[in-house]
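What follows is a set of notes on a single structure, which appears directly below.
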Amino acid sequence: MSSLTLSDMAQTFALRRQNVALKTEMQTQQAEMVTGQAADPGRALRGDHAAVAALDAALTRNRAFADATGLAGALAAGMQTALGAIDAGVKGLGGLMSDRTALANDTAVSSTAASATAAFRATVAALNTQVAGQSLFAGTRPDGPALPQPDALLEAMETAIAGADGPAGIEAALDRWFADPAGFGALYSGGGPRAPLPLGAGEGVEIGLTAADPALTDTLKALGMAAMVDRGAAGGAQDRADLMVRAGAALLRADEGRTAAAARLGVAEERIGTLALRHDAERTALMTARADMLAVDPFEAATRLEATRTQIETLYAVTARLSKLSLADYL
């Protein structure tokens, strides 16, 4: 009876292939021992990937909501910071502008008007603040600034009050211009308020404040009214002082609107923070559940690793014995 035998070279290749396969298996088993996770999920799950796929889908949704929550938090914080900057810029200015004693002479009026003009410019800059490439107060058009440059606004306001009769007429003209879609509305380049941001299943947070909101336009109007004094409106000393007092009273009234807007943002920030914590907890739970599904029994993994190590040692021993064979020894 004939038998098939391997040539020396074929036998060498076979041993080498077995050696590589065993070493690869040992590396896989070592990785499982270190990570505690199955290197081959298909084998660990016996081909049933449905549960892990569901967890992966849930983790994907969780990451999307977490990213959206992070962005919403950054936008809300940026808006709150901008409102804080506006408050700091006008702090005490309303009281000073409306205090006739402090406006006893035209020099004091001019100085206060110059301060109001500076505050107007700073307010416009704050309302054009961008975070993460989005203009905070531009509503649904966040890709560009909400307002034009301060000088463009002031020039438009000068045009609007042209021919107005006295301080009362100037104030009324500015009221009409800010309420007119063809007036301030034509220079506001943002969109409507943002829709509530979806930050979870059935969860949304509203941060829709825009530069066109009365809570902010009232501040612009009051500061702009005082800036008109700085630009030569109401030529007589008494009229200049009267217009400044009107602007101061308007700025004091506008403080209430900004405070209310900041309070609404504060509520939104608190809700965003709560949702962020919820997303973190959910992500931890999902990752733990996924890890448990693919977990490796440490004792079983150690047993397989020891068996593979023994196989490798045996292969080395066989290879060494075969390498010592010779024709002289055979004969």
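The values are calculated or read from the model by the stated rules, or taken from the named source; none is laboratory data. The structure presented is a predicted model; accordingly, all values stated were derived computationally and were not measured. Cβ placement follows ideal geometry from the backbone for every residue including glycine, while neighbour counts extend to all protein chains displayed.
Miscellaneous remarks
- Single condition Arg309 does not satisfy, out of (1) modelled with pLDDT of 75 or more; (2) more than 30 Å from Ala76 (Cα to Cα): (1)
- The range 90-107 - residue that is touching a Leu at 6+ places or on another chain (Cβ under 9 Å) and not hydroxyl-bearing (Ser, Thr, Tyr) and, of those, surrounded by the fewest Cβ atoms within 10 Å (Cβ to Cβ): Gly95
- Selection status of Arg240, basic (Lys, Arg), within 23 Å of Gly70 (Cα to Cα) and touching a Pro at 6+ places or on another chain (Cβ under 9 Å): no
- Of the criteria (1) surrounded by fewer than 16 Cβ atoms within 10 Å (Cβ to Cβ); (2) within 30 Å of Gly191 (Cβ to Cβ), which one Asn128 fails: (1)
- Qualifying residue in the range 190-206 (condition: touching a Pro at 6+ places or on another chain (Cβ under 7 Å) and surrounded by 15 or more Cβ atoms within 10 Å (Cβ to Cβ)): yes
- Among the candidates Asp143, Asp151, Asp87, Asp99, the residue that is touching a helix residue (DSSP H, G or I) at 6+ places or on another chain (Cβ under 9 Å) and part of a loop (DSSP other than H, G, I, E, B) is uniquely Asp99.
- Condition check for Pro167: closer than 30 Å to Asp239 by Cα, crowded, with 23+ Cβ neighbours inside 10 Å, in contact with a Lys or Arg (Cβ under 8 Å, 6 or more places away or on another chain) and not basic (Lys, Arg): yes
- In the range 40-71, residue farthest from Ala132 (Cα to Cα) [restricted to those that are part of a loop (DSSP other than H, G, I, E, B) and modelled with pLDDT of 60 or more]: Arg46
- Ala195 meets the conditions (1) out of contact with any helix residue (DSSP H, G or I) (no Cβ under 9 Å at 6 or more places or on another chain); (2) closer than 21 Å to Arg258 by Cα; (3) assigned to a helix (DSSP H, G or I) in every case but one. The failed one is (3).
Listed here are the residues, each with its yes/no results for (1) in contact with a strand residue (DSSP E or B) (Cβ under 7 Å, 6 or more places away or on another chain); (2) part of a helix (DSSP H, G or I); (3) farther than 23 Å from Arg253 by Cα.
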site	(1), (2), (3)
Arg176	no, yes, no
Gly204	yes, no, yes
Ala212	no, no, no
Ala215	no, yes, no
Gly224	no, yes, no
Ala227	no, yes, no
Ala234	no, no, no
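- Qualifying residue in the range 128-149 (condition: of a type in the set (Ser, Thr, Tyr), without any contact (Cβ under 8 Å) to a residue 40 or more places away in the chain and assigned by TED's automatic domain parsing to the domain that holds Ala64): no
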